[in-house]
Amino acid sequence: MPNYVARVRDGQGKSRTEKLTAESLAQARNNLRDLGFVVQDLKESQGGFSFDLQKFKNSMVSVSVKDKAVFSRQFAVLTNAGVAIVRSLGVLAEQCSNPKLKAALTDIGNDVQTGTNLSDSMRKHPQCFDNLYVSMVQAGEIGGVLDEVLNRLAKLLEDVARLQNQIKAALSYPVVVGVLATSIFVGMTVFLIPIFAKIFKDIGIELPALTQFLMNCSEVLRSFWSLVIIAGFIGLKIAYNQYYKTPVGKLTMDRVALKVPLFGDLIQKTAVARFSRTFGALTRSGVPILTCLEIVRDTSGNQIVANALDAARIEIQQGGMISVALQKEAVFPAMAIQMISIGEETGELDGMLMKVADFYEDEVEQAVKSLTSVLEPLMIVVLGGMVGTILLAMYLPMFKVFEKMG
């Protein structure tokens, strides 16, 4: 009989690995359930070394927000039409263009066919379906409104994708121009300046300070010191990443990010819009508020915001209100807190959260436009200044040559 390896959760909620022997995958799953385990993952044990090329290819691919939005919308349509879940997953897996999502849907379909809940099957693929997605699907299964929840998920993911695209559009221009300006500066310094340096040396004139400085920069970039500089930047990047992984580092850098001119306001409004949209979708789908706050905290993207949401969760556990806790942390704008407070008082929290999300998504769009209008001329000035500095440094010695000739 084949051997199997399973990742299970025991009666105390702890995850562990179990090995067993059974005649089939279904029997192995039933045996584990008879022992009181909740099966999270189950597969046949592979003896010796084996390399799965397809799994390696899938690991190099990511599942985008747009991929999940399209899947959710199509899955909702099939479910609403009365198509069985297993058949729907099979149809969607066949036409899915993303190999990682395709493999995940195939595995989920097999699990559902053996009697596993859809949400439990999705939880085995965190790279495709995060905690937010799984919790909403689970709420839809319990409430018998899976198609409605999938439509809300599709709308939520589409809004998130639109917000991400707006931010990327704002950042793409300065990044491209910055890379172009740096490339031009390095190229002119490494290849153009040495030609003029040889001419000036043959003439034997005294170089201005700016020209001499660029000559020195050119020598450094053409020597082994350039490798030292590159290694230094890489070392700083690694050190920053390691520092950011620590609780103190993440808290410090996220606090700094909220105070950065221009970008800090954009980060705050994006966090408020994401929180409101996600929290509203979760509460509207029937997910408990405490669970909603845990999920939103993990998907906030900023430790300062996450701490504020943690405080709100503790406040609710003690019988308090979300708006009061958020107001104490002084992270969210006053208008957002007031609208949330009104939603709590009227019992329309999910609807008010959606209105907050709509408002701040519009604010993000306007902030992106303002940021782009400021960055575009600024980057053009920077690019022109870098090129102009090099040309000026090359022409300044020419005046001395003309004076010497005169």
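The values are calculated or read from the model by the stated rules, or taken from the named source; none is laboratory data. Since the structure is predicted, the reported quantities are computational estimates derived from the model, not experimental observations. Using ideal geometry, Cβ is built from the backbone for each residue, glycine included, and neighbour counts are taken over all protein chains shown.
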Q.
I'm trying to understand the selection: among the residues of region 183-201, which are within 34 Å of the chain's Cα centre (by Cα) and surrounded by 13 or more Cβ atoms within 10 Å (Cβ to Cβ)?
A. I184, F185, V186
Q.
of a type in the set (A, V, I, L, M, F, W, C), at pLDDT below 85 and assigned by TED's automatic domain parsing to the domain that holds F359: is that true of L227 in this structure?
A. no
(Q) Just checking: which of the helices (runs of 4 or more DSSP H) contained wholly in region 174-284 hold 3 or more residues that are in contact (Cβ under 8 Å) with a residue 40 or more places away in the chain and out of contact with any Lys or Arg (no Cβ under 7 Å at 6 or more places or on another chain)? (A) 193-203, 209-221, 247-259, 263-284
Q | Subset of region 316-330 [touching a residue at least 12 places away in the same chain (Cβ under 8 Å) and over 16 Å from E345 (Cα atoms)] | A | Q317, K328, E329
Q. Taking region 219-271 only, how many residues are under 30 Å from G187 (Cβ atoms) and among the β-branched types (V, I, T)?
A. 6
**Q.** Hits in region 217-231 - residues which are surrounded by 11 or more Cβ atoms within 10 Å (Cβ to Cβ) and either closer than 14 Å to A197 by Cβ or not hydrophobic (A, V, I, L, M, F, W, C) (or both)
**A.** C217, S218, E219, V220, L221, R222, S226
Q.
I'd like the residue in region 258-285 that is surrounded by fewer than 22 Cβ atoms within 10 Å (Cβ to Cβ) and of a type in the set (K, R) and, out of all such residues, is modelled with the lowest pLDDT.
A. R284
Q: Report whether or not A170 is surrounded by 18 or more Cβ atoms within 10 Å (Cβ to Cβ) and among the small types (G, A, S).
A: yes
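Just checking, which of V248, V186, V220, V177 is of a type outside the set (S, T, N, Q), in the same structural domain as Q338 (by TED's automatic domain parsing) and touching a helix residue (DSSP H, G or I) at 6+ places or on another chain (Cβ under 6 Å)?
Testing whether each residue is of a type outside the set (S, T, N, Q), in the same structural domain as Q338 (by TED's automatic domain parsing) and touching a helix residue (DSSP H, G or I) at 6+ places or on another chain (Cβ under 6 Å) leaves just V177.
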Q: Please work out which residue is surrounded by the fewest Cβ atoms within 10 Å (Cβ to Cβ), limiting yourself to region 94-108 and to residues that are hydrophobic (A, V, I, L, M, F, W, C) and within 17 Å of A69 (Cβ to Cβ).
A: C96
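Does V83 satisfy the criteria of being surrounded by fewer than 18 Cβ atoms within 10 Å (Cβ to Cβ), part of a loop (DSSP other than H, G, I, E, B) and of a type outside the set (S, T, Y)?
Judged against the criteria, V83 is a match.
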Q | Breaking point among (1) of a type outside the set (K, R); (2) part of a helix (DSSP H, G or I); (3) surrounded by fewer than 14 Cβ atoms within 10 Å (Cβ to Cβ), for T389 | A | (3)
Q | Unmet criterion (only one of (1) of a type outside the set (D, E, K, R); (2) surrounded by fewer than 10 Cβ atoms within 10 Å (Cβ to Cβ); (3) under 30 Å from D265 (Cβ atoms)) for G204 | A | (3)
Q.
Testing P126 on (1) surrounded by fewer than 14 Cβ atoms within 10 Å (Cβ to Cβ); (2) part of a helix (DSSP H, G or I), one condition comes back false. Which one is that?
A. (2)
Q. Checking S323 against (1) surrounded by 14 or more Cβ atoms within 10 Å (Cβ to Cβ); (2) within 25 Å of the chain's Cα centre (by Cα), which test does it fail?
A. (2)
